[in-house]
Amino acid sequence: MPRWFPRFHSRRTKQTAEKIRGLIRQLTEARVAEIAAGTAPDDLATKIMTTADPQTGKVFGTEDMIDQVAIFFLAGHETSASALGWALYMLAMYPDVQDRVAAEAMTLDDPLEFTAMGKLKFTRDVFRETLRLYPPVPMMVRENTCPETFRGRDVAKGAQIVLSPWHLQRHERIWDWPDEFDPDRWQGEAAKTSARDAFLPFSAGPRVCPGAGFAMVEGPLLLALLIQKFCFATVAGRVPVPVAHLTVRAKDGIWMDVSLRRSP
Ligand code: HEM
């Protein structure tokens, strides 16, 4: 069987999934009780659980809410972790780029304010460039809803279409030096045009990633905070080989030498 072929889940996987769902259930049930008692905080979870569907008039039940939280848990951790792992590896590969991120990171105030993001322009470009070369979701599947013609080929209704950010974002007819890691490209006009046509690490359209805005704050910020404290270097003989599991991971992990950064 090819590696991507779906298999039954192992007992350990099922037990782990049950444990995660159990934790989410505790939180959800506690919030249901708080809403009923009128003591729930006025936050996103309360809004989601009390806002009725405009078509059916129903609100999420506990099981629905557990599913929703579980999806966010998966979609929001695995993807960001993958991007961050590859971004750190890129910085280990390109020490001059790491120095520039460190210089930005040193300008951050303590405690952090949201305005910190305005100081992390280059770090943001580093994160974007990593999402281009190592899109955490390397491909997505969509079902065709009506007959279409794609580049002279008929595509029937119901056909499964695989969209591949991995290929699009490294396409040599669309991107200059597509395989190069070059965060500065994001300040040029060429990359802006290519990005409009062929950059979809967060997908696009009605099912676009709802966490994209959050991820573009979380990613550069964590990167800067890590680089503020630590230096990352490659390990001889350990070159990560990207493999597509649910997200883009490295076959034997991403190995790096991590040391404390000395203040300048
Ligand atoms: C670098 C980080 C991230 C990347 C690259 C990413 C990428 C994606 C992509 C490509 C999709 C569409 C998948 C498909 O339709 O097949 C998606 C969906 C989704 N993402 Fe993200 N994501 C990231 C972070 C996050 C975060 C932080 C959250 C939550 C806080 C999140 C929540 C979701 C959810 C709930 C969906 C499903 C949306 C739907 O089907 O309507 N993601 N993400």
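Some notes on this structure:
- Point-charge dipole on Cβ atoms (K/R +1, D/E -1) for region 135-264, about Cα centre, debye to 20: 300 debye
- Between Lys157 and Glu29, the contour length at 0.36 nm per residue exceeds the Cα-Cα span by 41.9 nm.
- Taking θ as phi - 60° and the Karplus parameters 6.51, -1.76 and 1.60, the scalar couplings of region 241-249 work out to 9, x, 9, 8, 8, 4, 10, 7, 10 Hz in sequence order, x denoting glycine and proline.
- Sorted from longest to shortest, the spans of the Cα atoms of the chain along the three principal axes equal 57, 55, 41 Å.
- Computed from backbone phi, the HN-Hα couplings of region 166-176 come to 3, 6, 4, 7, 10, 6, 6, 7, 10, 10, 6 Hz, rounded to whole numbers (Karplus: 6.51 cos²θ - 1.76 cosθ + 1.60, θ = phi - 60°; Gly and Pro given as x).
- At full extension, Leu246 and Cys146 could sit 33.2 nm farther apart than now, given 0.36 nm per residue minus the alpha carbon distance.
- The chain: DSSP helices with Cα axial extent of at least 27 Å and average Kyte-Doolittle hydropathy no lower than -1.0: 11-37, 62-93
- Euclidean distance between Cα centres, region 186-264 to region 1-73, Å: 28 Å
- Peptides 30-43, 130-143, 164-177 ordered by average Cβ neighbours within 10 Å, highest first: 130-143, 164-177, 30-43
- Scoring 101-108, 221-228 by mean Cβ neighbours within 10 Å over their residues and listing the highest first yields 221-228, 101-108.
Every read-out reported here was derived from the displayed coordinates using simple, explicitly stated rules and does not represent laboratory data. Only a predicted model underlies this, so the values are computations on that prediction, with no experimental measurement involved. Methodologically, a virtual Cβ is constructed for each residue, glycine included, from the backbone with ideal geometry; neighbour enumeration extends over all protein chains shown.
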